[in-house]
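Note sheet for the following structure.
The values are calculated or read from the model by the stated rules, or taken from the named source; none is laboratory data. Please read all numbers here as calculations on a predicted model, not as lab measurements. Positions of Cβ are backbone-derived with ideal geometry, glycine not excepted, and every protein chain shown enters the neighbour counts. Surface areas here come from the heavy atoms of the whole protein model, side chains and all, with no ligands, DNA or RNA. Shrake-Rupley method; radii C 1.70, N 1.55, O 1.52, S 1.80 Å.
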Amino acid sequence: MKRFEDKKITVLGLGGVGGYVGALLADTYPHVTFVARGNRGASIQSGGLILHSDYRGERTVHPENVVETAADLETQDYIFICVKNYSLEEACRSLAGCVSEDTVIIPVMNGADPGDRVREYLPRATVIDSLIYIVAFANADYSVTQQDKFANLYVGIQDADPADWKKCCDVTDLLNGAGVDCTASRDIQAEIWKKYILNCAYNVETALYNNSIGQLRDDPQKAAIYEALVDEAWHVALAKGIHVTKAHRDAILHRFHYELQYDATSSLQRDVNAGRPTELETFSGYIVREARRLGTAAPVSEKMYEELKETCRKAD
């Protein structure tokens, strides 16, 4: 879209999500910078970022700039942060020099609180909360694969005033103009928690038992644990005043029993199996701590969290 052609856009984190969003942005707008270190950065510098997308097709894109660090960038108009949660603070520190009060930051990450954390680290900018439904991952050759015929992003600021709502709508136009399906939501926290409640069960149980979703469904005891994890996270959301209804909770369980692919696995499961750093604190630790803070019972979540911590320690 022409009104964004002079905007400076940075994407930090070129894994599955960042690679998909970044590729479409760089294929549409002239002033896109990728922050990518080491061999990934070198690969993009020499051959571009290769996207294999079921939804948007094959493409190889060459952004205007590929840099190892954001430290030397000039002030940016839009910054998309697509890193793992354990890297968020470091990412924000690196961005401090290219952020002004006119910069809009969109963390597209797992979890319920990355937006709040970015606001803490980079208080000058406007931070827009988001979530994405996508199946995407980075490959060994630094290309990115996006599977299936959907990739839906939601953005918003809870209780946004007119100025902030306009910024949310501008980001929606920016993304849709590049082919990234995006919707602005007035109640973004409800959207975030609908996905987060699912992930408190999906990621945690697949990782602890190293089972696919279908294997969990086939075992009545494990299916009951999945339902308990969903229930506990839902009650934490209610205690926080998030607008998630019983119908939302029932839809999450219906998806587990009838919609998710049999062989579906999770990012937490894959990271645990590979011995990589994990987002255990994002998917499990956060909900346990919030339950304790709010006085909400979450015994199954607590038990799974402690067992997964031990599993991760053994993997180290």
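Table for the structure above
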{"read-out": "Distance from segment 41-87 to segment 209-282 (C-alpha centre basis), Å", "value": "30 Å"}
{"read-out": "Using distinct alpha-carbon pairs, which all enter the 1/r mean, Kirkwood radius of segment 1-42 in Å", "value": "10.7 Å"}
{"read-out": "Cα-only Debye scattering, segment 158-302: base-10 log of I(q)/I(0) at q = 0.09, 0.13, 0.15 Å⁻¹", "value": "-0.33, -0.67, -0.85"}
{"read-out": "Per-q log10 I(q)/I(0), segment 57-134, q = 0.22, 0.24 Å⁻¹ (Debye; single scatterer per alpha-carbon; no solvent)", "value": "-1.04, -1.18"}
{"read-out": "Packing-based order for 202-210, 138-146, 181-189, using average beta carbon neighbours within 10 Å, highest first", "value": "202-210, 181-189, 138-146"}
{"read-out": "The chain - percent relative contact order, Cα under 8 Å, separation 6 or more", "value": "14 percent"}
{"read-out": "Net lengthening on full extension, E310/R289 (0.36 nm per residue, minus Cα-Cα)", "value": "5.8 nm"}
{"read-out": "Among 5-17, 166-178, 238-250, 43-55, the order from most to least packed when residues are scored by Cβ within 10 Å on average", "value": "5-17, 166-178, 43-55, 238-250"}
{"read-out": "Non-local Lys pairs in segment 139-283, i.e. 8 or more apart or on different chains, that have alpha carbons under 22 Å apart", "value": "9"}
{"read-out": "Cα extents of the chain along the three principal axes, largest first (Å)", "value": "55, 44, 34"}
{"read-out": "Length gained when the stretch A239-R270 is fully extended (0.36 nm per residue, less Cα-Cα span)", "value": "8.0 nm"}
{"read-out": "Projected area averaged over orientations for segment 94-218, convex hull of C-alpha atoms, nm²", "value": "9.9 nm²"}
{"read-out": "Cβ-derived FRET efficiency at R0 41 Å, E281 paired with D54, nearest 0.05", "value": "0.85"}
{"read-out": "Accessible surface, per residue, of the chain when the full set of protein chains is kept, probe 1.4 Å, Å²", "value": "44 Å²"}
{"read-out": "Relative contact order (%) - criterion: Cα under 8 Å, at least six apart; region: segment 13-160", "value": "26 percent"}
{"read-out": "Additional length obtainable on full extension of the chain from D173 to A71, 0.36 nm per residue less Cα span", "value": "33.9 nm"}
{"read-out": "The chain, helix-only ellipticity at 222 nm - DSSP H runs n ≥ 4, -39,500 (n - 2.57), divided by all residues, nearest 500", "value": "-14000 deg cm²/dmol"}
{"read-out": "Segment 93-245 - charge dipole about Cα centre, Lys and Arg +1 at Cβ, Asp and Glu -1, debye rounded to 20", "value": "140 debye"}
{"read-out": "Carbon/sulfur fraction of accessible area - the chain, other protein chains in place, 1.4 Å, %", "value": "47 percent"}
{"read-out": "Positive-pole candidate from I197, G48, T69, dipole of the chain, charges at beta carbon", "value": "I197"}
